[in-house]
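Colleague: One structure, as structure tokens, below. Some questions next.
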Amino acid sequence: MSGSKSKGCMKTAIIIFNLIVFIAGSTVLALGIFSLVSDYGAKQLSSVLGNDLYHDAAYVAIAAGAAISAISMCGCCGSIKESKCILGMYLVFMSLIFVVLLTAAVLIFIFLGQISKDAKISMTSILTEQYGVDLDERADNRVVTDMWNFMQKQLQCCGISGGPNSTTSWAAYKLESKWYTQFPAGVPFVPDSCCKPEGDLELCTGMKTFSGPPGADVPLLPGTSRNPHMYDTGCYDEVVHYVQSHALIIGGGALAAVVIILFGIISGVCLCKRIRYDAFLT
């Protein structure tokens, strides 16, 4: 009688646990989808940052989350029917997903370690070599140009990094980019996406003269006014902060699911042993 009670408690615990696993899988799936469809999707961000780990981990999280949700239902069925076959398949698949999710979490945290170093190099290369160049012939240039414009508008920044007096913020366009060499008249100095929506577009881009950025040389002379019509700080810090915060959420969710799955696997093994033991006694 006590053995039957303990097995019943174990079955109930595994069913409850698999419901928790189902919720964890659905959460990981949602986080993966969110990372792809949010304002700065993983694919677009990867093109700007020059690193595909974030993009790859998002797809791994989606696949693993969907699989976890489906397989956790098999665990419930196997527990209710006391089927060693179903429970065995459940344990095998959950073990595989455990490895996949652990890999996704590791990829995320490797990405977090690399982003600070890789992002600035990649952003510099894209702005100087690809931004606004050969857009009709090169689809990859169109993608990064659109993403860069969207990023500058949303993050309210201009250029790569640094403040108003930096050669790598707004001034990078006229000092380093191939985009700027396409204008024989020497203007505009910065693209429209560097301009504040309520500002004067011509004063922002340099089509009209302003006693400061973007027409002024850097370093700016003491007393030079900041241009109130344009964003004049680089995008690097804002982009890195955005990506790191979202990557931590996905990586944390994957790790939490890994821990839950591990307990589910242990519980499933215990139930299988109990079913086998009861079969041996009968």
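The values are calculated or read from the model by the stated rules, or taken from the named source; none is laboratory data. All of these numbers come straight from a predicted model, not from anything done at the bench. Every residue, glycine among them, receives a Cβ derived from its backbone with ideal geometry; neighbour counts consider all protein chains shown. Heads up: the accessible areas ignore ligands, DNA and RNA and are worked out on the full protein's heavy atoms, side chains in. Shrake-Rupley method; radii C 1.70, N 1.55, O 1.52, S 1.80 Å.
Per-residue answers, yes or no, for (1) over 27 Å from the mean Cα position of the chain (by Cα); (2) open to solvent by 40 Å² or more (accessible area, probe 1.4 Å); (3) farther than 16 Å from Trp170 by Cβ; (4) modelled with pLDDT under 95:
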position: Pro184; (1), (2), (3), (4): yes, yes, yes, yes
position: Pro191; (1), (2), (3), (4): no, no, no, no
position: Cys195; (1), (2), (3), (4): no, no, no, no
position: Gly199; (1), (2), (3), (4): yes, no, no, yes
position: Cys204; (1), (2), (3), (4): yes, no, no, no
position: Ala216; (1), (2), (3), (4): yes, no, no, yes
position: Leu220; (1), (2), (3), (4): yes, no, no, yes
position: Thr233; (1), (2), (3), (4): no, yes, no, yes
position: Asp237; (1), (2), (3), (4): no, yes, no, yes
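Colleague: Can you name the residue in segment 77-108 that is of a type in the set (Val, Ile, Thr), over 18 Å from Ala256 (Cα atoms) and at pLDDT below 80 and, of all such residues, is least open to solvent (accessible area, probe 1.4 Å)? Give the derivation first.
Modeller: The first filter runs over segment 77-108 and keeps only residues of a type in the set (Val, Ile, Thr), leaving 80, 86, 92, 97, 99-100, 103, 106, 108.
So of that shortlist, the ones also over 18 Å from Ala256 (Cα atoms) come out as 80, 86, 92.
From what's left, at pLDDT below 80: 80, 86.
On the way: Ile80: 107, Ile86: 52 Å².
Among them, the one singled out is Ile86.
Colleague: Answer yes or no as to whether Val48 is within 15 Å of Phe111 (Cα to Cα) and either modelled with pLDDT of 75 or more or surrounded by 21 or more Cβ atoms within 10 Å (Cβ to Cβ) (or both). Write out each step before concluding.
Modeller: On the way: within 15 Å of Phe111 (Cα to Cα): yes; either modelled with pLDDT of 75 or more or surrounded by 21 or more Cβ atoms within 10 Å (Cβ to Cβ) (or both): yes.
Yes; evaluated as a whole, the condition is true for this residue.
Colleague: Output the residue which, of all residues in segment 113-165 that are of a type in the set (Lys, Arg) and exposed (fewer than 14 other Cβ atoms within 10 Å of the Cβ), is farthest from Val239 (Cα to Cα). Reasoning before the result, please.
Modeller: Quick first cut of segment 113-165, residues of a type in the set (Lys, Arg) only: 117, 120, 138, 142, 153.
With exposed (fewer than 14 other Cβ atoms within 10 Å of the Cβ) added as a condition, the list becomes 117, 138.
Working: Lys117: 13, Arg138: 24 Å.
Here the answer is Arg138.
Colleague: Related question: I'm trying to understand the selection: among the residues of segment 1-15, which are at pLDDT 70 or above, among the hydrophobic types (A, V, I, L, M, F, W, C) and surrounded by 13 or more Cβ atoms within 10 Å (Cβ to Cβ)? Outline the logic, then answer.
Modeller: Step one: of segment 1-15, the residues at pLDDT 70 or above are 9, 11-15.
Checking the rest, the ones that are also among the hydrophobic types (A, V, I, L, M, F, W, C) come to 9, 13-15.
Passing the criteria: Ala13, Ile14, Ile15.
Colleague: Next question, about the same structure. Among the residues of segment 132-161, which ones are in contact with a helix residue (DSSP H, G or I) (Cβ under 6 Å, 6 or more places away or on another chain) and outside any loop (DSSP other than H, G, I, E, B)?
Modeller: Asn141, Val143, Val144, Met147, Asn149, Gln152, Lys153, Leu155
Colleague: Of all residues in segment 239-263, which are farther than 28 Å from Cys158 by Cα and either open to solvent by 30 Å² or more (accessible area, probe 1.4 Å) or in a loop (DSSP other than H, G, I, E, B) (or both)?
Modeller: Correct list: Gly252, Leu255, Ala256, Val259, Ile260, Leu262, Phe263.
Colleague: Restricting attention to segment 60-76, which residues are open to solvent by 40 Å² or more (accessible area, probe 1.4 Å) and either under 17 Å from Val144 (Cα atoms) or at pLDDT 80 or above (or both)?
Modeller: Ala63, Ala66, Ala70, Met73
Colleague: Here's a follow-up. Checking the conditions here, which among Ser225, Ser245 is small (Gly, Ala, Ser) and under 30 Å from Ser35 (Cβ atoms)? Outline the logic, then answer.
Modeller: Details: Ser225 fails: under 30 Å from Ser35 (Cβ atoms).
That would be Ser245, the only listed residue that is small (Gly, Ala, Ser) and under 30 Å from Ser35 (Cβ atoms).
Colleague: Scan segment 166-182 for residues that are among the small types (Gly, Ala, Ser), open to solvent by less than 20 Å² (accessible area, probe 1.4 Å) and in a loop (DSSP other than H, G, I, E, B) and report the count. Talk me through it step by step, then tell me what you get.
Modeller: The initial filter retains those residues of segment 166-182 that are among the small types (Gly, Ala, Ser), namely 166, 169, 171-172, 177.
Filter once more, keeping what is open to solvent by less than 20 Å² (accessible area, probe 1.4 Å): 169, 171-172, 177.
Pick out the ones that are also in a loop (DSSP other than H, G, I, E, B) and you get 169, 171, 177.
Number of matching residues: 3.
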